[in-house]
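What follows is one structure encoded as structure tokens, with my remarks underneath.
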Amino acid sequence: MTDAPDDRTSFADLGLRPELLRALSGLGYEEPTPIQREAIAPLSQGRDLLGQAATGTGKTAAFALPVLQRMGSRTDREPYALVLVPTRELAVQVSEAVHRYGRELGARVLPIYGGQPIGRQLRVLEHGVDVVVATPGRAVDHLNRGTLKLESLQVVVLDEADEMLDMGFAEDLDTILAETPSQRQTVLFSATMPPRIDRLARQHLTDPVRITIGRERTEPGEAPRVRQSAYVVPRAHKPAALGRVLDVEAPTAAIVFCRTRDEVDQLTETLNGRGYRAESLHGGISQEQRDRVMARLRNGTADLLVATDVAARGLDVEQLTHVVNYNVPSAPESYVHRIGRVGRAGREGVAITLAEPREHGMLKTIERVTKQRIAVEKVPTIADLRARRLELTRAALHESLLEDDLEGFRVVVETLADEFDVMEVALAAVKLAHEATGAAADEEEIPDVTHRVERREQQGPRRERRPRPPSAGMTRLFVGAGRSAGIRPQDLVGAIAGEARLPGRDIGAIEIADRFSLVEVPESAAQQVISALRGASIKGRKVTVRRERDDPR
């Protein structure tokens, strides 16, 4: 790893051309970020570079500025530099950045990606281009057509290389790099460095400078740029818990990550039902729909994006304040990528994870790998929610008192004041204002399993408490679903009463464990209940129902 230059280094100290310095000044860039301080000098000298840097650290400028510095003014038609990126969104972002930096140099930049009419790409390539920013699949397509010529290429940049490998582009990358000159300069950036990235670097880079940049560290006592927290929630309560957390956090814009398309669609519908403006994004929607969704998020007509990992790759939403993992990511690298979308440019971001009790161990693994603490917090209670909503009402009224012209309402207050105390009039007005926000609290508390999980971790594995014998005249049935499936006593009572026509008052004690439940029913009705529930569903799933093994009858 290189020694970082003095933190007071300016862009001028890095030897950049006046045209680039003027462009940076016009964009409001005051001083280089750590990755820019370390990368610009060796890249300007033509060195290969292997950089580990998270999204949001300024790596686009770190490779784009040296490319423009060395390129100068050109009239050649074939590209000088090729930047490969995993998604169309990132292709657009990088090409826009290169265009802004190189405006005074007349840099000709072309993004190439799927979902865009190929005719325009062909015309621009025919007339000549300096920097091509491409997704691997579309770059291979142009190579096969003979419309992308790389014989004169001087620089190749692999941006977010780990993402490209995750998306299955390894073969495409090998195909593209085989078409480039052996004397090219090669730059590889990745947020993580798994062994396959190291193999890619050894195969295609020559004596590279190695740079590792984490997120900018905060001074002791300062709040971190990304506040990371988690809530341990039973699966059945996760939609309600997410709604409560979002109500309390009140994000400007948030991405909620789900595992599957179905989960994305179901959760989007649930959140819209709670009054949020949520949009879904997954592989099952068309490019045109995707563009509309992103436009709504960026212009503020939507405030939540519910997405799968693959669909959200390469997205960069300026106003994003929160990232939510609806499930614990299966790999620490995924967690790093997700939270890298917030906490940029000095703004604090928030990363929230909803973990089922069985996923608590994965949180600890992520903490160990990332060396960052994830605070496990209690799900907001009904009282917390009411307090938060009252505070929002108070803030809205305070703003109205300071900013609005209220004179037209004076006659209403004065008329009521003849009959009621002014304080009572104010209380009634606040009540109406509060209810108009849709501030009805949830009816049911969400069980707090945080301390139970933590206590279990401290004590180690424990045996389930042996249930007491069934009451006289009763027998105990085993039901193969429990807390982890979201089963509640009322679910079992409802299923038995509805399917077996057994009155609820005849059902005895119910005990629910993590993976199974025990229900007492009259011995005379036991077989009837077992037969009735064999073809039924409880909480949307078929379950095993039988007599408890220890029951001798």
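The values are calculated or read from the model by the stated rules, or taken from the named source; none is laboratory data. Keep in mind the model is a prediction, meaning the values are calculated, not measured. All Cβ positions, glycine included, derive from the backbone under ideal geometry; neighbour counts span all protein chains shown.
Worth a mention:
- A Cβ distance below 8 Å, combined with a sequence gap of six or more or placement on separate chains, defines the contacts here; from region 357-376, residues that are in the same structural domain as A331 (by TED's automatic domain parsing) and free of Cβ contacts under 8 Å to residues at least 60 places away in the same chain reach residues that are in a loop (DSSP other than H, G, I, E, B) and of a type in the set (K, R) in the pairs E367/R373.
- Which listed residue is aliphatic (A, V, I, L, M), over 25 Å from P208 (Cα atoms) and either touching a residue at least 40 places away in the same chain (Cβ under 8 Å) or surrounded by fewer than 24 Cβ atoms within 10 Å (Cβ to Cβ) (or both), from L82, L90, L125, L50: L125
- In this entry, S73 passes the filter for residues that are closer than 26 Å to S152 by Cβ and surrounded by fewer than 17 Cβ atoms within 10 Å (Cβ to Cβ).
- Within region 253-275, being modelled with pLDDT under 85 and closer than 23 Å to L385 by Cβ holds for G273, R274, G275.
- Residue pairs meeting the criteria (Cβ under 8 Å; at least 6 apart or on separate chains; first within 19 Å of M167 (Cβ to Cβ) and in the same structural domain as M167 (by TED's automatic domain parsing), in region 191-214; second part of a helix (DSSP H, G or I) and β-branched (V, I, T)): A191/V336; T192/V336
- Taking the numbered list (1) more than 29 Å from Q116 (Cβ to Cβ); (2) without any contact (Cβ under 8 Å) to a residue 24 or more places away in the chain; (3) exposed (fewer than 15 other Cβ atoms within 10 Å of the Cβ) in turn, E96 passes all entries but (1).
- Residue ID - surrounded by the fewest Cβ atoms within 10 Å (Cβ to Cβ), chosen from residues in region 130-153 that are β-branched (V, I, T) and within 29 Å of the chain's Cα centre (by Cα): T135
- Filter result (among the polar types (S, T, N, Q) and either assigned to a helix (DSSP H, G or I) or outside the structural domain of L16 (by TED's automatic domain parsing) (or both)) within region 39-88: S44, T60, Q69
- Cross-chain or 6+ apart pairs with Cβ under 8 Å, region 388-410 first and free of Cβ contacts under 8 Å to residues at least 60 places away in the same chain and in the same structural domain as L427 (by TED's automatic domain parsing), then part of a helix (DSSP H, G or I) and not polar (S, T, N, Q): L390/H434; T393/V430; T393/A433; T393/H434; A396/A433; L397/V430; L397/A433
- Filtered residues of region 103-156 (kept if closer than 30 Å to R17 by Cα and out of contact with any Leu (no Cβ under 9 Å at 6 or more places or on another chain)): R103, G106, R108, V109, P111, E126, H127, G128, E151, S152, Q154
- Test result for L354, within 25 Å of T260 (Cβ to Cβ), assigned to a helix (DSSP H, G or I) and at pLDDT 75 or above: no
- Selection within region 89-104 - touching a Ser or Thr at 6+ places or on another chain (Cβ under 6 Å) and either of a type outside the set (G, A, S) or not assigned by TED's automatic domain parsing to the domain that holds G146 (or both): V94
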